[in-house]
Structures are given as C-alpha cells and as structure tokens.
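For reference, the structure discussed in these notes is given below.
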Amino acid sequence: MTHVLRDRVGEGGHRNILPEPRINSIREADISFRGIYEISKVLTAPTRLEITIANVVNTLSSFVQMRHAAIVVLDGEAEPDITAITGSPRPPQSGTGRIIPRAAIDRIVATGAPLVIHDVSQSELFQADLQPSLSGNTIPIAFVGIPIKAEHEILGTLSIDRVGGGETSSLCDEDVRFLTMVADLVGRTIRLHRILSMDRQRFIDEQRRPEKWLDEERSDAATHRRVKIDGIIGESPALKQVLETVKVVARTNSTVLLRGESGTGKEFFAQAIHKLSPRGKKAFVKLNCAALSESVLESELFGHEKGAFTGAISQRAGRFELANGGTLLLDEIGEISRAFQAKLLRVLQEGELERVGGTRTLQVDVRLICATNKDLETAVVTGEFRADLYYRINVVPIILPPLRERAGDIPRLANAFLGRFNKDNHRECAFAPSALDLISQCYFPGNVRELENCVQRTATLARSRTITPSDFACQNSQCLSSLLWKGAHRSRGGNAVDGLSRRDTLPVRRVGAPEGEVSPAKVVYPNDPACPAIGPHLTERDRLTDAMEKAGWVQAKAARILGLTPRQVGYALRRHGIELKKF
C-alpha cells in the first residue's frame, strides 16, 4: 500500500508528500549536521580550554532537548580538573553533584560506554545527590552520559538531563549518537591542548634556564659522544678513567706509550687517540715491530730506494712517510733490537730519515703512539732497551686495565662478541643469565682477546640457541687456556692435552687480591701455593724471597713472576721486613 498521497493541482497536475516520520528523520539529521558544524567552529576557536569547553556546553542547548548539560574533564589522577555547566564555565560552590553525581562519572569512566537512565529518581547513582524538590516529583528526569575519549584514553564525561515524556526512549537513542560524535571532537581537542601545553612549558623551561647550563650540557653531551669509540665497550670506572685520559691526551701532539697486558685492546685505544685528535682526518698507520726482523723493519718504517737490496725492484715509501701529518702506531716497541733502537731514536728526535739505500733526507711530521706489554723499566736496567729511547717514547704513559679489573664489562663484551658472531654466521644465539654469571668470574689471562675467542668457540659448539654454563670448555675440562694458570698437569710430568684427556677438573675463578696482598685469594696461578713450580710447603715470605732472588732483587721483575704490581711487592717486602740486596 503506497504511503504517497496525491493531491490534484489544476488539470492533471499532482504533488508527492513524504510521510511524517520520514520528514522528522530528515529534520533531525539536518539539525545534527548543523550542530556538529557549529560545535566544530567552537572547538577550533583560539581560546583557552576552559572557555572552549564552556562554549561547547552552551552551544548544545540549541541542538538538543535538555534541561542541563555538563562537561567534566579529568586530570591524570582521574579527578575533575575542568567542569563546565550550562551557562557557566566553572562549577557552582555546592559542587557538580546536582547536575552529575560523582558516582555517575565513575560509572562512565569505568565502563567507557554511554550511560542512559530514563528516570534518575529510580537510580541508585543519583540517590545521594537527588534534590529534595525532585524526590517526590512524579515527572521523570532522563539522563544521558557519554565518555570523552582520545587515543583509547578516557579524558572526561559529557552529559545532559531533561524532563522525560512519551518520546524519552527514542530521544535518548538519537541523543546518544549525536553526543558521541560531540564527545569524540571534544576529546581530540583536549588532547591537542595538553600536547601544546607540554611543549610550551618545555620551551619556557629551556628559555628560563641559564645559558651557562645549556653550554655545559652541550659540552658534556658532545664529550660523551666523542669518547664513545667503536670497538671499546664497557662502563667500568677503570675504563672510564682511561677514556677520560685519552680524551685529554688526544688534543695534543705528545707521544703516547700504551702499557698493558696482551689482549687489553691497545690498538683500539691508539685509534681512539687518533680519531679524537686534530689529525683525525689524516692517515692512521700501524706496524707490529715484533713480527719483523731488523732489516725488514727498517725497510718498512723508513722505506727503500730501488736496488737498495735484493728484491728492491722499485722505490717504496716507509710507514713514517705514509703517516706524514697523521699518526703512527708502533706495536710491541719493546721487542726491537738495540741496533735499530738507535736508528729510531734519530727519527723521533729530529723528525728526519733517509730511505734504505738513499741519500736524500726526508722531513716527516708524525704523531707517534707506542704500545707494549713488556716491562720496559726492567729492560732498561738489564740493558735490553736504550734509556734515551725509553725517555723519548714514555712522554704520556697510559696503563690499560686488564679485564679482571673491569668489573661488569665482561657481560657487555660477551654480548657484543656474540652479536658479531651471529651476524657473521647468520645465527641467533643468546646467553643464559647463568652463563654470563659464569664467565664474569673467569680470570681471562688473555683479556679481551681471550674472551672473544671463548665466546666464538662456545657459540660455535653450542647445541642450542641458548648458551648455558655446560657449553663452556672450562666446565668440561677442555679449556687449555686455564692450564696456563692452574699448572696441575706439570705435577704429573705430562703435557696440557694429556691432562685434559684425563678429565682433570680445572675450575676457573676470578682473582680478588686486595691492594697490598701478595698471595691472591682462591686462584691457582703462578704465585699460588698450589702451583708445583713453587710448592705448597713454602710460606708467603718464602715465595716472596724466592721470586726476588730469581729476579736479581729487581722488584718490577719479581712482580711479573708473582703476577702482582711493583707497588704490591714493595708493600709486601716492608711488611715481612725483607731487606733489599744491592749488587
């Protein structure tokens, strides 16, 4: 049956008339669109948030049948921060309870969904705040509350109430749809205002901060970035102290002597000095002096002319020439012969050299860095190293700490080495916490180099992606390196491999000897009574005397035999009342 009524207009004319419900629906949609448009203009106006919220509440009365409207904005503690009620941007002195009770606010915030109550007098949420004049009133009061959200966070509530009637249910459904759109726009506006407020406050704080503080922070940040050198990993106090020294020394052209045990990373520190120096953009040239004979070493450092010796088929520039304007690292400087030490000394003093087989004098400008793990002081005393060359290269000595003195750096280094192994071999291995605890207690006489080899060996032979303590060689009596410090195989007269084949138990523990103590705690290495080279029957005084006699009563050499520092040996000699013998 058609719902269209036709009225005759003139001869043969007619018009279509829509049914009344459809007309009302179109009118309501039109009102909603206009309402959203007007509220959007209010929200985008350049005013404070409190005024904007109040204007939104006042605008709602033109598009929604209501008695009161309220917007409550919550702070970070879910407490009312801004409350706007119809006709006023601030709450009345008696509070907001008469418009929207706190219980209703909590319900909307907790559920995050609209709250519709057709008769507030029948709701327990409004009983505590119900006005006495309405308690006996037979006219129902309807309530609609909507949560204000932004990015899944509830920022407040938007609510209206009105006198109920025959169309209360249908009106509530329509109002829920309209108010939900309004609440969404209000939520976005509140979030935007808060972001802008935070940025503004941060800018104000920076402007108020004294310029001197900013300069110091920039300087500290720049220093921190510069001291972070590729290949040097760790946060221990001992390492940080060396890095600070490196930072200061790098600014000058002074010759540096890097001292430390094998595997402590002397080459990496030399590169750090070069990169942080004014010569950082020039060449960094390095040469291992221990790997070459005297004749080859001379040719490598000074270069040679064509025909200078058999095989010299062309002219060749030496390392000094290649490093001109930059930095030259001479590794294992303590291993060069005395004859070559005299030739090297002239270059260092005069900055001049001649190629092998040449007559022309060349001028070079080179920043020299030397590195050694040898006791140069003892070598000077015994005549193995020239004293004048020692004083020439020992301008700024930097002692690199062994790994056992870098507390906390072993896990960092182990994870870095494992990450490099995974990248090179397309693996996904990881250390179990117990595995990191185990290697953190190891002595590692080979320092960082030995730790890297240990990580690679363990990761290669690991049966699963997670490396556990049982995967380490030391836990399976397969660690040959530990035999350097345990000495157990010597007591049987066998070799290291034979000792391992008998499944000897070789626990690895870390040295913890405090300053001034001669004998280390619980570690079997050359100065321990368990070492068969000394014997368990010797007392601490006997072992000290024995070491001094073997070293010719040179404290530095005795310290190397005992695995201690010269300072510790000197303290022990005084403590035991041992008089030094002079020859």
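On inspection, GLN315 passes the criterion of being outside the structural domain of VAL448 (by TED's automatic domain parsing) and touching a residue at least 40 places away in the same chain (Cβ under 8 Å).
Looking at the structure I just gave you, is THR372 surrounded by 13 or more Cβ atoms within 10 Å (Cβ to Cβ), touching a Phe, Trp or Tyr at 6+ places or on another chain (Cβ under 7 Å) and of a type in the set (Ser, Thr, Tyr)? The answer is no for THR372.
For region 241-285, give me each residue that is over 18 Å from LEU368 (Cβ atoms) and in contact with a helix residue (DSSP H, G or I) (Cβ under 6 Å, 6 or more places away or on another chain). Answer for region 241-285, where residues must be over 18 Å from LEU368 (Cβ atoms) and in contact with a helix residue (DSSP H, G or I) (Cβ under 6 Å, 6 or more places away or on another chain): LEU243, LYS247, GLU261, GLY263, THR264, GLY265. When region 400-459 is filtered for residues that are of a type in the set (Gly, Ala, Ser), at pLDDT below 90 and assigned to a loop (DSSP other than H, G, I, E, B), the ones remaining, listed by number, are ALA407, GLY408, GLY446.
Does ILE36 satisfy being of a type in the set (A, V, I, L, M) and either crowded, with 18+ Cβ neighbours inside 10 Å or farther than 22 Å from GLU174 by Cα (or both)? Considered against the rule, which asks whether it is of a type in the set (A, V, I, L, M) and either crowded, with 18+ Cβ neighbours inside 10 Å or farther than 22 Å from GLU174 by Cα (or both), ILE36 comes out as no.
Collect the residues in region 241-251 that are within 23 Å of TYR391 (Cβ to Cβ) and without any contact (Cβ under 8 Å) to a residue 24 or more places away in the chain, keeping them in residue-number order. Listed by number, the list holds a single entry, VAL248.
A single member of ALA29, ALA78 is modelled with pLDDT under 80, among the small types (Gly, Ala, Ser) and assigned to a helix (DSSP H, G or I), and it is ALA29.
Among the residues of region 350-376, write down those that are touching a helix residue (DSSP H, G or I) at 6+ places or on another chain (Cβ under 7 Å) and within 24 Å of ARG259 (Cα to Cα). Passing the criteria: VAL366, LEU368, ILE369, CYS370, ALA371, THR372, LYS374, ASP375, LEU376. Would you mention how many residues in region 241-290 are of a type in the set (A, V, I, L, M), in a helix (DSSP H, G or I), modelled with pLDDT of 90 or more and within 14 Å of GLU332 (Cβ to Cβ)? Result for region 241-290: 1.
Right, ILE51: assigned by TED's automatic domain parsing to the domain that holds THR189, in contact (Cβ under 8 Å) with a residue 40 or more places away in the chain and not polar (S, T, N, Q) or not?
Details: assigned by TED's automatic domain parsing to the domain that holds THR189: yes; in contact (Cβ under 8 Å) with a residue 40 or more places away in the chain: no; not polar (S, T, N, Q): yes.
When the stated conditions are applied, ILE51 does not pass them.
Total residues in region 306-333 satisfying the condition of being part of a loop (DSSP other than H, G, I, E, B), within 15 Å of LEU362 (Cβ to Cβ) and either touching a strand residue (DSSP E or B) at 6+ places or on another chain (Cβ under 7 Å) or modelled with pLDDT under 85 (or both): the figure is 4. Here GLY446 clears all of (1) closer than 23 Å to LEU480 by Cβ; (2) loosely packed, with under 15 Cβ neighbours inside 10 Å; (3) among the small types (Gly, Ala, Ser) except the condition numbered (2).
Going by what's in this entry, would ARG392 be described as in a helix (DSSP H, G or I), modelled with pLDDT of 90 or more and basic (Lys, Arg)? In short, yes.
The values are calculated or read from the model by the stated rules, or taken from the named source; none is laboratory data. This is a predicted model, so every value here is computed, not measured. Cβ atoms come from the backbone with ideal geometry, glycine included; neighbour counts cover every protein chain shown.
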